[in-house]
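**Q** Just passing along the structure, written as structure tokens.
The values are calculated or read from the model by the stated rules, or taken from the named source; none is laboratory data. On a predicted model such as this, the values are computed, not experimentally measured, just so you know. We place every Cβ from the backbone using ideal geometry, glycine too, and count neighbours over all the protein chains shown.
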Amino acid sequence: MDETQSFTYSLLNIFYDGGLFMYPLVLCSLFALGIIIAKGYTLWAAHRESAKILNETEALMKQKRLDQALKLSAETPGPVAAIMYSGLRRLIDRQSSDDIETGVHTTGVVELGFLERGLVVLATVANVAPMLGFLGTVAGMISAFGAIAAAGQVEASLVAGGIKVALITTATGLTIAIPVNIFYNFYVTRIDMLIRQMEEGTANVLNVAWDMRPAMAGAAASGSAPSIPQTGHRPLDSGLQGQPLPDRSSDRDPDPLS
């Protein structure tokens, strides 16, 4: 038997020796692994061009090239670009600052829901896995003491089986919970970074809207408004979102966690 076969055989032995509680523990690990992979890709795609879109749209807005900023945000996937698109479109439509803020806030809530999807599963696994392990520990100790009571004497061979089950399930639960908890905290940190960038984008749009108020008021008083090129709906965000956002096209690729 080579080393790989020996390792596989040892894992199977551990699984069978752990008893019934190993089945829900393995199921928890599979769920967590799928969420970790899908959420890792989602956040990577969301972060990929977030800083770039912020810097470039800010520069274009300072130059009053709102149409180009809108086009750039429409062509860039990610929640930060979605925030910029939502605000810039209302800004070009000459909507009020309150309407712009409301629209951006709505888009941000929807985008945040996409970003946080699946995190509750990771948090649940991180909490449930060690509990299942401890439950297996209790079951193993009950079995060990039951064997002692039936035999009427204490022998190592009688209690070894129950103690082995207790140790295996506890170790398995902790082995699953520790890395899942690490990934959960890492993803929460990445989402917080995106939220700060989304807030920065919102502030940039609102600042431009505030600066344009005198010009808009003058145009309204004269009975005409300057013409600003309009663009169509923002295209699909490749693989990042799975449902429609306000003022964006609803035909999108499904989220990996759907």
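**Q** Within segment 21-32, is even one residue among the β-branched types (Val, Ile, Thr), closer than 24 Å to residue 121 by Cα and part of a helix (DSSP H, G or I)?
**A** Yes: one or more hits.
**Q** Further question: Of these, 57, 102, 107, 42, which one is β-branched (Val, Ile, Thr) and in contact with a strand residue (DSSP E or B) (Cβ under 9 Å, 6 or more places away or on another chain)?
**A** Going through 57, 102, 107, 42 in turn, the sole match is 107.
**Q** Any idea which of 45, 38 is within 30 Å of residue 171 (Cβ to Cβ), aliphatic (A, V, I, L, M) and assigned to a helix (DSSP H, G or I)? I'd like the intermediate steps shown before the answer.
**A** Values: 45 fails: within 30 Å of residue 171 (Cβ to Cβ).
Going through 45, 38 in turn, just one is within 30 Å of residue 171 (Cβ to Cβ), aliphatic (A, V, I, L, M) and assigned to a helix (DSSP H, G or I): 38.
**Q** Here's a follow-up. I need a count of the residues in segment 80-97 that are of a type in the set (D, E, K, R) and not in a helix (DSSP H, G or I). Write out each step before concluding.
**A** Restricting attention to segment 80-97, the residues satisfying the condition of being of a type in the set (D, E, K, R) are 89-90, 93-94.
Restricting the remaining residues to those that are not in a helix (DSSP H, G or I) gives 93-94.
Selection size over segment 80-97: 2.
**Q** Name every residue in segment 66-89 that is surrounded by fewer than 24 Cβ atoms within 10 Å (Cβ to Cβ) and without any contact (Cβ under 8 Å) to a residue 60 or more places away in the chain, in order of residue number.
**A** Within segment 66-89, 68, 72, 76 qualify.
**Q** Confirm whether residue 48 is of a type outside the set (Gly, Ala, Ser) and either touching a Ser or Thr at 6+ places or on another chain (Cβ under 6 Å) or touching a residue at least 12 places away in the same chain (Cβ under 8 Å) (or both).
**A** yes
**Q** Name the one entry in 180, 205 that is over 12 Å from the mean Cα position of the chain (by Cα), in contact (Cβ under 8 Å) with a residue 12 or more places away in the chain, surrounded by 19 or more Cβ atoms within 10 Å (Cβ to Cβ) and closer than 30 Å to residue 90 by Cα.
**A** Going through 180, 205 in turn, the sole match is 205.
**Q** Condition test on residue 16, is it of a type in the set (Ser, Thr, Tyr) and exposed (fewer than 15 other Cβ atoms within 10 Å of the Cβ)? Outline the logic, then answer.
**A** Details: of a type in the set (Ser, Thr, Tyr): yes; exposed (fewer than 15 other Cβ atoms within 10 Å of the Cβ): yes.
Taking the combined requirement at face value, the residue satisfies it.
**Q** With respect to residue 196, determine if the residue is modelled with pLDDT of 65 or more and among the basic types (Lys, Arg).
**A** So residue 196 passes the test.
**Q** So which residues in segment 28-67 are small (Gly, Ala, Ser) and closer than 30 Å to residue 132 by Cβ, if there are any at all? Full working, then the answer.
**A** The initial filter retains those residues of segment 28-67 that are small (Gly, Ala, Ser), namely 29, 32, 34, 38, 40, 45-46, 50-51, 59.
Of everything in segment 28-67, those that are small (Gly, Ala, Ser) and closer than 30 Å to residue 132 by Cβ turn out to be 29, 32, 34, 38, 40.
**Q** While we're on this one: For residue 41, which of the numbered conditions (1) surrounded by 15 or more Cβ atoms within 10 Å (Cβ to Cβ); (2) touching a Gly at 6+ places or on another chain (Cβ under 9 Å) fails to hold?
**A** Condition not satisfied by residue 41: (1).
**Q** Sticking with this one: Return yes when residue 132 is touching a Phe, Trp or Tyr at 6+ places or on another chain (Cβ under 7 Å), over 19 Å from residue 48 (Cα atoms) and surrounded by 15 or more Cβ atoms within 10 Å (Cβ to Cβ) and no when it is not.
**A** Against the criterion (touching a Phe, Trp or Tyr at 6+ places or on another chain (Cβ under 7 Å), over 19 Å from residue 48 (Cα atoms) and surrounded by 15 or more Cβ atoms within 10 Å (Cβ to Cβ)), residue 132 qualifies.
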